Amino acid sequence: MKIEGEALLLRIHIGEADRYEGKPLYKKIVQILRENHIAGATVLRGILGYGKSTVVHSASILDLSEDLPIIVEVIDSQEKIENIIPIIEKYVKNGLITMEKVKVIKYTAEGE
């Protein structure tokens, strides 16, 4: 798979406690992305954050949260990102989805 130049960055902000059929929602999202041949995805776990509810979630040992912020980042072509958004939206009941233009400088893997 080759990506060069203009692309889109999709960010999906959810909570660690968000579930789909009893499993973490971020795992379901990554599975959907992979099944739809999206170039790649990265799941990031936040150490502190709050969303629309204004409840602060923290990874502090004194204030251990079971619902830390999770961000799934995806970069691919505009066409592929725009096609995947309606599918992802069905699963995100609480969260934020953003999209922005990015310029891909290098996307490689050894052995290709």
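General remarks:
- Which of Y50, Y26 is most accessible, then next, and so on - probe 1.4 Å: Y50, Y26
- The accessible surface of the chain, taken with every protein chain in place and a 1.4 Å probe, is 51 percent carbon and sulfur.
- Surface per residue (accessible, 1.4 Å probe) for the chain, Å²: 71
- Simple point charges give the picture: +1 on the Cβ of Lys and Arg, -1 on the Cβ of Asp and Glu, and for the chain a dipole about the Cα centre of about 140 debye.
- Kirkwood Rh, Cα atoms: Rg over Rh of the chain: 1.01
- Distance violations [Cα-Cα > 32 Å] among K23/K106; K28/K52; K23/K103: K23/K106; K23/K103
- Nearest-ten-degree value, helix 78-89 long axis tilted from longest Cα axis of the chain: 30
- Potential lengthening between K106 and I3 on full extension [0.36 nm per residue; Cα-Cα distance subtracted]: 36.3 nm
The values are calculated or read from the model by the stated rules, or taken from the named source; none is laboratory data. As the structure is a computational prediction, the values presented were derived from the model and not from experiment. All Cβ positions, even for glycine, are placed from backbone atoms using ideal geometry, and neighbour counts span all protein chains on display. Ligands, DNA and RNA are stripped out before the accessible areas are found, and what is left, the full protein with its side chains, is counted by its heavy atoms. Shrake-Rupley method; radii C 1.70, N 1.55, O 1.52, S 1.80 Å.
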